[in-house]
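**Student:** A single structure is presented below for examination.
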């Protein structure tokens, strides 16, 4: 057998046996999961290109204009291409990019994504310094900078704007600093659509970041400021006037947690009125913000059922899971005896605390929290599976059901999650809690958006207490329902949103669009608050402000509604005509308004050839792990990253671990063998399927509730052919899981796997299908 064939077998069997993710020179680009970067010494650290990120924020009224300046320095001896994955706000409208090489400043152009990538690759091959900015998620960007010669400094500056919308009369500006590691399931890795940005490298927990972050804010509100706070970073706050101030970090840091600044206006006022961009040479834009009525406290809140869906994956290990437990204690403590609750835990699979939801009595809550306290983070993050398990719970009488999802969101199935929530809106209300210092805000905010709910983020235990109280107040009763709006004497068009859902939180109603003619007239908003009909008017009149950002904000919101949370049913799985029409509409918006989108990118190419040979080394800039996130988010107990080359595989098919470069010390228990003959069920695969079918007993309670699904059972065939170490790799429900384990344990001896003629243990995963026939379904 050739060494290359043995290497291929080695990679496959290592994945089967251990769940490891193998990286080699040939396979690394295909790896869709994060990994730890190996820093061998000071020279290698010095060659990491990103040296600093400087962020200047100008907040005028309710609009933030942000400039991000990234400085790349090649301190090594080879020409390099730098690749950096970094986050931004979910509502960021990126409208400009420029590149500085020496004394030359090159303005980037917005191009259709494939064309921009082609121009970048051509410039890279020609030896020209070039930069390419792409959107991988609405809040995740990827920067490529090619042909940075030794000793050179390249600066890339991007600008974006966003609208600051207050919640409970508090304005908040968030600058995400780090993209958390994303869990990619095996199913996603098999899909063609998997994007390799998720393989981004990370520094180990506690390892000092290799670049610095500095943030400075200029705040001009137009109304007196009551107070400003920034608890995430040490800062200096200076007031120039009653309505203006500056906020600056005391010193640059490594950027391993979100920067959050909050402020309130005097008298707890919030901006109410209409902002205009009266462009005489083109389209005219407006944004209207209307303060909601005061909350009406209900005298009698109907009984509710709360299902807490709790992430216990590897990235939640330690601090994030501790915060989740604290949050749950406070949330459960706010329930009444007549309310019901249940808990679904999820990591690589899911587990339901009780088969049926139980009353929120003091005793039941104490028992549940005792159970929760024994949970530890580990494994993958199968969010869809958890939502399906929760949705499969038996409906207990006439209770309004709410799902409360607690996670850091380190998954890459945002679209699928949004689709699942959208398709089940009539069955439950969805509320999302982001737990941690650098959560995936696209997922957290998106779940709330498509579920007509509100996103909450708890970065620490102190914040968890506040958010629990806020949530309890939030869900007690909507502030305004049956909302409608109309214009009188104002020629508005392309207005978004077309439909305004019920308003739960104390936050303004936002309506934006374009207009023709003179900026005058009235916006009328109607709705119901408690038992009262509400009608409010906003006068529209010209102002003296040059609100040019409004065109970017309108276009970005339009893209967000079209693409960020667009239904996969109508897009990915719809007709090719629908897919192409949606793609074309988003592309045209990006090109017309100079915006970064899913289908448009910024490209800047220097005219000077700096690297005549075109040869260069690609360096992926590692991110620090988000503050409080452990190494389990990347390699955990069940995963280890190994750099295996063909030379590490001996002629007899055994990996030589003494020569393998590993990110962790390879323990003796983790030495895996390449088997020449796999273990085999008596009679082969057909006999195995027949055995499972004939010996499976459908649990009565699962049959009565119509529960179906596929249970994946993991086990080891030992050297004697016995079935041992049986466990659930991915479950459906407690009763189906238990029956799957029973039938697997009952299997007869297998023919053991063999290596060089000797029997060796082999790990297997077998799917056990539970499917009801038509008669059972109709009962």
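Values quoted throughout were computed directly from the atomic coordinates according to the rules given, and no laboratory measurement underlies them. Source: prediction; values computed, not measured. Cβ atoms come from the backbone with ideal geometry, glycine included; neighbour counts cover every protein chain shown.
**Student:** What's the FRET efficiency of residue 395 with residue 294 using the Cβ-Cβ distance as r and R₀ = 35 Å, to the nearest 0.05? It would help to have the intermediate numbers written out before the result.
**Tutor:** Details: r = 34 Å, r/R0 = 0.98.
The value I calculate is 0.55.
**Student:** Right, here's the next one. Within a 10 angstrom radius of the beta carbon, how do 526, 161, 763, 600 rank from fewest other beta carbons to most?
**Tutor:** With the sparsest Cβ surroundings first, the list reads 526, 763, 161, 600.
**Student:** Please work out the FRET efficiency for the pair residue 704 and residue 427, using the Cβ-Cβ distance as r and a Förster radius of 25 Å; give the result to the nearest 0.05.
**Tutor:** 0.80
**Student:** A further question on this structure: Could you order peptides 482-493, 437-448 by the average number of other Cβ atoms within 10 Å of their residues, highest first?
**Tutor:** Details: 482-493: 14.8, 437-448: 24.8.
Final packing ranking: 437-448, 482-493.
**Student:** I would also like to ask the following. What full-extension length gain, to one decimal in nm, is calculated for residue 251 and residue 542 as 0.36 nm per residue of separation minus the Cα-Cα distance?
**Tutor:** 100.5 nm
**Student:** Packing-wise, with mean Cβ within 10 Å as the measure, how do 606-618, 403-415 rank, highest first?
**Tutor:** Details: 606-618: 13.8, 403-415: 25.6.
My ranking of the peptides, most packed first, is 403-415, 606-618.
**Student:** Sorted from fewest to most neighbouring beta carbons within 10 Å, what does the list 373, 103, 419 look like?
**Tutor:** 103, 373, 419
**Student:** Among 743-754, 118-129, 304-315, how do they line up by average Cβ neighbours within 10 Å per residue, starting with the highest?
**Tutor:** Order by mean packing, descending: 304-315, 118-129, 743-754.
**Student:** In nanometres, what is the gap between the two model label sites at residue 526 and residue 362, each 7 Å from Cα along Cα-to-Cβ?
**Tutor:** In this crude spin-label approximation the distance works out to 5.0 nm.
**Student:** Using only the alpha-carbon atoms of region 385-530 as identical scatterers, what base-10 log of I(q)/I(0) does the Debye formula give at q = 0.09, 0.13, 0.14, 0.17 Å⁻¹?
**Tutor:** Cα-only, vacuum Debye calculation for region 385-530: -0.37, -0.72, -0.81, -1.06.
**Student:** Extension gain residue 75-residue 227, at 0.36 nm per residue separation less the Cα-Cα distance, in nm?
**Tutor:** In short, 50.4 nm is gained.
**Student:** Once both labels are modelled 7 Å past Cα along the beta-carbon direction, what's the residue 104-residue 578 spacing in nm?
**Tutor:** Reported label-point gap for residue 104 and residue 578 is 4.8 nm.
**Student:** Additional query: Using 0.36 nm times the number of residues separating residue 126 and residue 369, minus their current alpha carbon distance, what extension gain do you get?
**Tutor:** 81.3 nm
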